[in-house]
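Visitor: Please find one structure pasted underneath; my questions will follow.
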Amino acid sequence: MILGISGGIAAYKSVEILRRLQRTGADVVPVVTEAGRKFVAPMALESLTGRRVSSSLWNDTDPIPHTSLGQRADLILVAPATADLIARYRAGLASDLLAATLLASRAPVLLCPAMHTEMWEHPATQENIDVLQGRGVHVLEPAEGSLAGGDMGIGRMREPAEIVEKAQQILLSDSPLTDLADAARRMEGVRVLVTAGGTRESIDPVRFIGNRSSGKMGHAIAAEAARRGAAVVLVTASDARTPAGIEVIRVQTAAEMEKEVLSRFADSDVVFMAAAVADFRPRVEAGSKIKKSDGPPLLELEPTPDILARLGEEKASQFVVGFAAETDDLVENAKAKLERKKIDLIVANDVSAADSGFEVDTNRAVLLWRAGEVEDLPLALKSEIAAAIVERVAGALED
Ligand code: C5P
């Protein structure tokens with residue numbers, strides 16, 4: 001594993017990260033940028049690893065270190081990742097050993113950004129992060145806290161324990177699940193429509209009925225399909241970051257989502273309905289804010305359109321995937337939904353567990369196919385579950 005260290009004050013934590021990684025049995029090779037050397041003493045890293053710490057492309061005895069390091073790595077962890085390093089990586093520059101190693105590697109990459117709030121929130125940095133995530137790079141986004149110079153805000157690098165845990169999760173995803181997904185069936189020429197997020201149904205101009213869906217699963221599916229070369233349209237009710245390289249349509253309500261989905265259905269080959277669509281909405285939306293002094297309002301609700309069931313009815317050759325969030329009788333309920341909505345595949349999640357379903361980054365799922373086949377996808381990152389789902393659907397399209 002490579003531990004890349006770029007030049008920010010958070011580099012003082014990299015020695016602890018290194019120690020923790022070594023305790024997990026990892027063989028860690030530190031690569032430090034010139035600026036990184038100002039914050040962490042190479043001697044400390046050399047004593048702990050027994051390796052010479054390189055920064056430059058030009059002073060190593062290995063004739064091609066910039067390629068050999070990246071090629072041999074099972075993971076490249078960059079902590080801290082400065083705005084400058086992130087920009088260089090996004091641009092594909094190979095201006096020092098760390099940037100060149102990133103460019104010359106197919107290993108998974110985990111970036112742990114650390115910088116001032118203004119630099120993190122700058123559109124340039126945000127765009128760089130979006131693009132890198134779209135390329136499959138993992139990003140452990142910075143937390144809020146005290147920053148160098150006494151400032152407070154978002155930009156603080158995550159704690160070493162959390163970074164090491166995330167690195168392990170990524171390495172662990174080297175499971176049979178991802179092995180299969182890594183076969184990377186391509187989807188060039190396939191038109192994919194994905195929905196994501198929880199819809200919001202207005203009560204009045206300031207209040208709405210919503211749900212706990214974060215949109216992460218749908219966004220991960222859209223990213224995965226795009227990574228495989230599909231032309232992806234994402235209709236999302238989520239504020240979460242959207243992957244690069246796809247068409248994004250933002251919606252709020254079930255009715256808006258229905259309109260956008262139906263108008264694109266005929267031109268789609270595969271639809272992933274990952275959105276948590278509200279089942280009910282207020283029959284009328286108040287035109288102005290309901291006054292607290294008028295007492296609690298009695299809300300009359302009406303059903304929203306079931307978009308997925310409509311797709312099941314209208315479907316020609318499209319492959320339609322539904323999602324089922326259940327708290328009990330997962331498989332039975334999902335099976336009933338598969339039949340009722342006349343779809344090809346249903347991805348069922350148990351949302352009662354703390355580590356799967358809504359809001360969190362991990363998930364476990366059961367895939368139920370129309371032909372009756374059932375497959376368990378064990379606990380994994382949502383990006384990995386997405387990879388497995390998309391892989392299997394791409395396979396079904398080929399058959
Ligand atoms: O019936 P239930 O809401 O559990 O079904 C979940 C699946 O149906 C999801 O794929 C969701 O996107 C879709 N759905 C829909 N329109 C609704 C409700 C759910 O498309 N009104």
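The values are calculated or read from the model by the stated rules, or taken from the named source; none is laboratory data. Computed from a predicted structure; not experimentally measured. Backbone-built Cβ (ideal geometry, glycine too); neighbour counts: all protein chains shown. What goes into the accessible areas is simple: the full protein's heavy atoms, side chains included, and nothing from ligands, DNA or RNA. Shrake-Rupley method; radii C 1.70, N 1.55, O 1.52, S 1.80 Å.
Visitor: For the stretch 232-247, which residues satisfy the criterion of being at pLDDT 95 or above and of a type in the set (A, V, I, L, M, F, W, C)?
Guide: Selection gives VAL232, VAL233, LEU234, VAL235, ALA237.
Visitor: Being free of Cβ contacts under 8 Å to residues at least 40 places away in the same chain and surrounded by 20 or more Cβ atoms within 10 Å (Cβ to Cβ) is the filter here, so list the residues in the stretch 114-136 that pass it.
Guide: Scanning the stretch 114-136 gives a single hit, TRP120.
Conditions (1) among the basic types (Lys, Arg); (2) farther than 27 Å from VAL131 by Cα, marked per residue:
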site	(1), (2)
SER6	no, no
ALA11	no, no
ARG52	yes, yes
SER56	no, no
ARG72	yes, no
ALA99	no, no
ARG106	yes, no
LEU110	no, no
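Visitor: Quick one: what pairs do we get from the stretch 237-256, first residue without any contact (Cβ under 8 Å) to a residue 40 or more places away in the chain, second open to solvent by less than 30 Å² (accessible area, probe 1.4 Å) and in a loop (DSSP other than H, G, I, E, B), C-beta under 7 Å, 6+ apart or different chains?
Guide: Matching pairs, first to second residue: VAL248/THR242.
Visitor: To continue, here is another question. Consider ARG283 carefully, then state whether it is over 22 Å from VAL360 (Cα atoms), open to solvent by less than 10 Å² (accessible area, probe 1.4 Å), away from the ligand (no atom under 15 Å from the Cβ) and assigned by TED's automatic domain parsing to the domain that holds PRO305.
Guide: no
Visitor: What is the residue count in the stretch 259-294 for residues that are part of a helix (DSSP H, G or I) and closer than 30 Å to VAL232 by Cβ?
Guide: 7
Visitor: Let me ask another. Identify all residues within the stretch 75-113 that are aliphatic (A, V, I, L, M), open to solvent by 10 Å² or more (accessible area, probe 1.4 Å), farther than 27 Å from GLU384 by Cβ and at pLDDT below 95; write none if there are none.
Guide: ALA94
Visitor: Has the stretch 286-293 got any residue that is within 16 Å of the ligand (Cβ to nearest atom) and open to solvent by less than 60 Å² (accessible area, probe 1.4 Å)?
Guide: Taking every residue of the stretch 286-293 in turn, none turns out to be within 16 Å of the ligand (Cβ to nearest atom) and open to solvent by less than 60 Å² (accessible area, probe 1.4 Å).
Residues are listed down the side, and each one gets a yes or a no for (1) charged (D, E, K, R); (2) surrounded by 14 or more Cβ atoms within 10 Å (Cβ to Cβ):
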{"position": "ASP329", "(1), (2)": "yes, no"}
{"position": "LYS341", "(1), (2)": "yes, yes"}
{"position": "ALA348", "(1), (2)": "no, yes"}
{"position": "SER352", "(1), (2)": "no, no"}
{"position": "GLU359", "(1), (2)": "yes, no"}
{"position": "ALA365", "(1), (2)": "no, yes"}
{"position": "ARG370", "(1), (2)": "yes, yes"}
{"position": "LEU377", "(1), (2)": "no, yes"}
{"position": "ILE385", "(1), (2)": "no, yes"}
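Visitor: Do any strands (runs of 3 or more DSSP E) lying entirely in the stretch 295-390 carry at least 3 residues that are more than 10 Å from the ligand (Cβ to nearest atom) and modelled with pLDDT under 95, and which ones are they?
Guide: Values: elements: 301-303, 319-326, 345-350, 362-369, 374-381.
Filter on the stretch 295-390 gives 362-369, 374-381.
Visitor: Let me ask another. Can you confirm whether GLY229 is part of a loop (DSSP other than H, G, I, E, B) and either of a type in the set (Gly, Ala, Ser) or modelled with pLDDT under 90 (or both)?
Guide: Yes: the conditions hold for GLY229.
Visitor: How about the stretch 257-279: which of its residues are near the ligand (Cβ under 9 Å from one of its atoms) and either in contact (Cβ under 8 Å) with a residue 40 or more places away in the chain or open to solvent by less than 30 Å² (accessible area, probe 1.4 Å) (or both)?
Guide: Here is the first cut: in the stretch 257-279, the residues near the ligand (Cβ under 9 Å from one of its atoms) are 257-258, 261, 272-279.
Selection gives MET257, GLU258, VAL261, PHE272, MET273, ALA274, ALA275, ALA276, VAL277, ALA278.
Visitor: Against the conditions (1) of a type in the set (Gly, Ala, Ser); (2) modelled with pLDDT under 95; (3) open to solvent by less than 50 Å² (accessible area, probe 1.4 Å), where does GLY25 fall short? Just the number, please.
Guide: All conditions pass for GLY25, except number (3).
Visitor: Still on this model: Can you pull out the residues in the stretch 232-258 that are of a type in the set (Asp, Glu) and in a strand (DSSP E or B)?
Guide: If the condition is that a residue be of a type in the set (Asp, Glu) and in a strand (DSSP E or B), then GLU247 is the only one that fits.
Visitor: Looking only at the stretch 41-60, which residues are outside any helix (DSSP H, G or I) and either farther than 22 Å from ALA83 by Cα or open to solvent by less than 10 Å² (accessible area, probe 1.4 Å) (or both)?
Guide: Across the stretch 41-60, the qualifying residues are GLY50, ARG51, ARG52, VAL53, SER55, TRP58, ASN59, ASP60.
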